[in-house]
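Asks: Below is a structure I'd like to ask you about.
The values are calculated or read from the model by the stated rules, or taken from the named source; none is laboratory data. Since we're looking at a predicted model, the values are computed, not measured. Please note: Cβ atoms are built from the backbone with ideal geometry, for glycine as well, and neighbour counts cover all protein chains shown.
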Amino acid sequence: MNKVLSFFKETAPIKLIAISIGIAALSYFIEKPLPNVFMGLRLIAFLLFVYGTIRLLNRK
């Protein structure tokens, strides 16, 4: 669990935004067969995008 938390704290904001865009792009391929997984992946991508954007704007 500490590795996961340290990944989010130490990763560059641009990398988090890129990962979220990648997840969103991959989720389109499973929209029809698995709609619940599609919505979950889109939610995760949105949260990562918002977190990365906030970190990018709050850089010192």
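Asks: Would you call L5 at pLDDT 90 or above, assigned to a helix (DSSP H, G or I) and not hydroxyl-bearing (S, T, Y)?
Replies: Taking the combined requirement at face value, the residue does not satisfy it.
Asks: Can you find a residue that is at pLDDT below 95 and among the aromatic types (F, W, Y) anywhere in segment 24-31?
Replies: yes
Asks: Residue by residue through segment 10-31, note down the ones that are of a type in the set (S, T, Y) and outside any helix (DSSP H, G or I).
Replies: T11
Asks: Here is a further query. Take segment 16-59 and flag every residue that is charged (D, E, K, R) and exposed (fewer than 11 other Cβ atoms within 10 Å of the Cβ).
Replies: Across segment 16-59, the qualifying residues are K32, R59.
Asks: Next question. Which of the numbered conditions does A45 fail, given that it passes all the others? Conditions: (1) at pLDDT 95 or above; (2) out of contact with any Ser or Thr (no Cβ under 8 Å at 6 or more places or on another chain).
Replies: Status for A45: all satisfied but (2).
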